[in-house]
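The values are calculated or read from the model by the stated rules, or taken from the named source; none is laboratory data. The shown structure was predicted, so the numbers you read here are calculated from the model rather than taken from an experiment. FYI the Cβ positions are ideal-geometry reconstructions off the backbone, even for glycines, and counts take in every protein chain you see. Quick note on the areas: whole protein, heavy atoms, side chains included, nothing else; ligands and nucleic acids left out. Shrake-Rupley method; radii C 1.70, N 1.55, O 1.52, S 1.80 Å.
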Amino acid sequence: MKKIFKILGIIFLAFIILFTVGFFIIKSSIPDINVGELDLINISDGLYTGEYSAGVVKAFVEVQVKDNRITDIIIKEHDNGLGKPAEKITEEIILHQSLNVDVISGATLSSNVIRKAVEEALNNE
């Protein structure tokens, strides 16, 4: 019986070590994405598309502009792993008319990729 507990303890310890190392590897591999600010004064009314990818996370968006305001952001594609909650960031962008909004906790990379895709759409108008 002691032998089983010893083996289980070693397996548990190995799992904790692998999990910790994996966490730091993933954390250190998150790219730094610089998202600029919007100048909506110079954006004509219309529907704009933009996309951005960072590793395995990718977003393709459509941004509707009317009267120098973002009226809608539609996420056409979002490859995200566990970053689906980040899609709510579009509501904040529309509310504040800015890309300078807080990222969604637990979905930082996806939040930044979506913000960058919106920036790309409006900068390539």
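Details
- Close Lys-Lys pairs in the chain, where close means Cα under 20 Å and separation is 8 or more or interchain: 13
- In terms of accessible area, using a 1.4 Å probe and ignoring ligands and nucleic acids, S44, S110 rank largest first as S44, S110.
- Å² of accessible area per residue within the stretch 24-121, as computed with a 1.4 Å probe and no ligands counted: 57 Å²
- Neighbours of K76, meaning other residues whose beta-carbon lies under 10 angstrom from its beta-carbon, give a summed charge of -3 when Lys and Arg score +1 and Asp and Glu score -1.
- Other residues within the sphere of radius under 14 Å centred on the Cβ of A86, judged by their own Cβ, net out at -1 (K and R +1, D and E -1).
- Helical content of the chain, expressed as a calculated mean residue ellipticity at 222 nm, amounts to -13500 deg cm²/dmol (DSSP H runs of 4 or more residues, -39,500 (n - 2.57) each, divided by residue number, nearest 500).
- For the chain, the fraction of alpha-carbon pairs in successive 5 Å shells from zero, as %: 2, 11, 18, 20, 13, 8, 6, 5, 5, 4, 3, 2, 2, 1, 0
- Among L13, L95, L82, the largest mean-square fluctuation in a Gaussian network model of the chain, built with springs joining Cα atoms closer than 10 Å, belongs to L13.
- Of the residues I41, I74, I33, the one that moves most in a GNM of the chain with alpha-carbon contacts below 10 Å is I41.
- Surface share of carbon and sulfur [accessible, 1.4 angstrom probe, percent] for the chain: 60 percent
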